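Structure, as C-alpha cells:
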Amino acid sequence: LLEGTGFAPEPETAPRRVDDELWHQRFAGAGRIDELRELGQRLSGVLVQFLMRSDADERFLADGRDIGGRYASASLTCGLSRVEAVEAFLFYQESFLELAAQSSSSDAAGSLRQFARYDQFMGAVLLGLISGFEDKSQAAD
C-alpha cells in the first residue's frame, strides 16, 4: 500500500501471538471470543463497503463508531482498562490494513487516497471505542 511513497517498512519482528495477550485471555475467560469474532467480521464488511465507495457516506462512519462502542462494552464487561482495549484495537488494526491494501489502487495516488479512507474509518472505530469508555465513566459519576 505504501510502496513507492518513500516510507520504508519497519524491519520484521517476531509476530505477537494473540493468545499471549492479557486482554485476549480476559475475553476468552469471559467466553466472549465468538461474539468479538462476529463483530470483527461485521467491521471488515463495513470497512470494505466504505472503501469501495468514492463519497464519504456518513452511514458507514456511524457504523464504525457503533462497532467501536460495542468493543468498549465488551471490554468493560471483561474488566479491561481503556488502554488495554486500545491495545486490542491496535493489535487487530494491522489485519484490517491488509484488507484495505487488497482493495487499493495500482497507482500511488489512488493507494494514498484509499489509505486516507481506511484511516478515516478506523479513526471512527477508535473514537467509538474511547467514547464507549467515557460514556460508562460519566454514568458512574
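The values are calculated or read from the model by the stated rules, or taken from the named source; none is laboratory data. Because the structure is predicted, anything quoted here is derived from the model rather than measured. Note that each Cβ is placed from the backbone with ideal geometry, even for glycine, and that neighbours are counted across all protein chains shown. In case anyone asks, the SASA skips ligands and DNA or RNA and just uses the protein heavy atoms, side chains included. Shrake-Rupley method; radii C 1.70, N 1.55, O 1.52, S 1.80 Å.
Of note:
- Residues (without any contact (Cβ under 8 Å) to a residue 60 or more places away in the chain and under 15 Å from LEU97 (Cα atoms)) located in the range 50-72: MET52
- Filtered by the rule that a residue be open to solvent by less than 80 Å² (accessible area, probe 1.4 Å), in a helix (DSSP H, G or I), under 20 Å from GLY132 (Cβ atoms) and touching a residue at least 12 places away in the same chain (Cβ under 8 Å), the range 32-49 gives LEU36, LEU39, GLY40, LEU43, SER44, VAL46, LEU47.
- Of the residues making up the range 99-128, those that are under 11 Å from the mean Cα position of the chain (by Cα) and crowded, with 17+ Cβ neighbours inside 10 Å are TYR118, PHE121, MET122, ALA124, VAL125, LEU126, GLY128.
- Test: residue in the range 73-82 that is open to solvent by 40 Å² or more (accessible area, probe 1.4 Å), touching a residue at least 24 places away in the same chain (Cβ under 8 Å) and under 11 Å from the mean Cα position of the chain (by Cα): no
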